[in-house]
Amino acid sequence: MELTRFADIKTWYSTLGGSDRLALKVLGGFLAIVAFIYLLWLPAQHYRAGAEAHYREQMELLASMQTNRGLFAAGNVGTATASTLSLVAESAKDNGLVLQNYEPVQGSNGVRVTMENAKFDTLIVWLAALADSERIEVVRMTLDKTANDGMVNVNLELRR
């Protein structure tokens, strides 16, 4: 069946005039180029861009870890700072808040925290609970409204 179909197409092609054959070849070449671009080239470029972004994020994380290596290497972080850091991280997780970044503040018993798209109401309840039960207070806070109602981006500095 397939061989007869191919033979039919070959016969049909041979009956075409020279300009029709040329037009068919140009159309076929154009379709091949379009297929190459949309099926191979663009997906590869998209994957490459994502991989480069992930690489940059990982390099920034590595640089941050190398910068803060001295804080954790030989017990340079006091137990109060370490416990404040872990307490803030655990209580945020327990309250359904996702910390994008958190790090100790040098020279104090504090922690810097960054969150994106945090529920404002949950954030306020969490901060009140930290102040009441753990005596962790807000030193600095920057809130930015997001496009979603009730959601904020926040930068905090907390201290015990």
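The values are calculated or read from the model by the stated rules, or taken from the named source; none is laboratory data. Model, not experiment: these values are computed from the prediction. No Cβ is skipped: glycine too gets one built from the backbone with ideal geometry, and neighbour counts run over all protein chains shown. Heavy atoms of the whole protein, side chains included, go into the accessibility calculation; ligands, DNA and RNA do not. Shrake-Rupley method; radii C 1.70, N 1.55, O 1.52, S 1.80 Å.
Once label points are set 7 Å from the Cα along Cα→Cβ at both Ala147 and Val26, what is their separation, rounded to one decimal in nm?
About 4.3 nm separates the two model spin labels.
Output the peptides 26-32, 93-99, 117-123 sorted from most to least packed, where packing is the average of other Cβ atoms within 10 Å over each peptide's residues. Before the final figure, lay out the partial values.
Values: 26-32: 10.0, 93-99: 13.1, 117-123: 16.0.
Listed from highest to lowest mean packing, they are 117-123, 93-99, 26-32.
For Thr67 and Arg135, what does the FRET efficiency come to when R0 = 30 Å and r is the distance between their Cβ atoms, rounded to the nearest 0.05? Before the final figure, lay out each step's value.
Details: r = 29 Å, r/R0 = 0.96.
For R0 = 30 Å, the calculated efficiency reads 0.55.
Given Cα pairs under 8 Å that are at least 6 residues apart, what percent is the relative contact order of the chain? Mind dumping the intermediate values first?
Values: 150 pairs, mean separation 23.9, N = 160.
With pairs under 8 Å counted, the relative contact order is 15 percent.
Ignoring everything but the protein chains, give the 1.4 Å probe accessible area of Arg5 in square angstrom, nearest 10.
Here the accessible area works out near 140 Å².
For the stretch 24-160, what is the charge dipole size about the Cα centre, in debye to the nearest 20, if Lys and Arg each add +1 at the Cβ and Asp and Glu each add -1 at the Cβ? Spell out each step's value before the answer.
Values: 12 positive and 14 negative charges, 88 e Å.
Taking the Cα centre of the stretch 24-160 as origin, the dipole is about 420 debye.
To the nearest 500 deg cm²/dmol, what mean residue ellipticity at 222 nm is calculated for the chain from DSSP H runs of n ≥ 4 alone, each contributing -39,500 (n - 2.57), summed and divided by the residues? Walk me through the numbers on the way to the answer.
Numbers: 6 runs with 90 residues, N = 160.
Rounded to the nearest 500, it is -18500 deg cm²/dmol.
Quick check on packing: order 42-49, 102-109 by the mean number of other C-beta atoms within 10 Å, highest mean leading.
Details: 42-49: 10.2, 102-109: 14.6.
Ranked by mean Cβ neighbours within 10 Å, highest first: 102-109, 42-49.
To the nearest whole percent, what portion of all C-alpha pairs in the chain is separated by more than 26 angstrom? Before the final figure, lay out each step's value.
Details: 7113 of 12720 pairs.
Summing the P(r) tail past 26 Å for the chain gives 56 percent.
Straight-line reach from Lys10: which aspartates and glutamates have Cα under 20 Å away, leaving out those fewer than 8 places along the same chain?
Those aspartates and glutamates meeting the cut-off are Glu2, Asp20.
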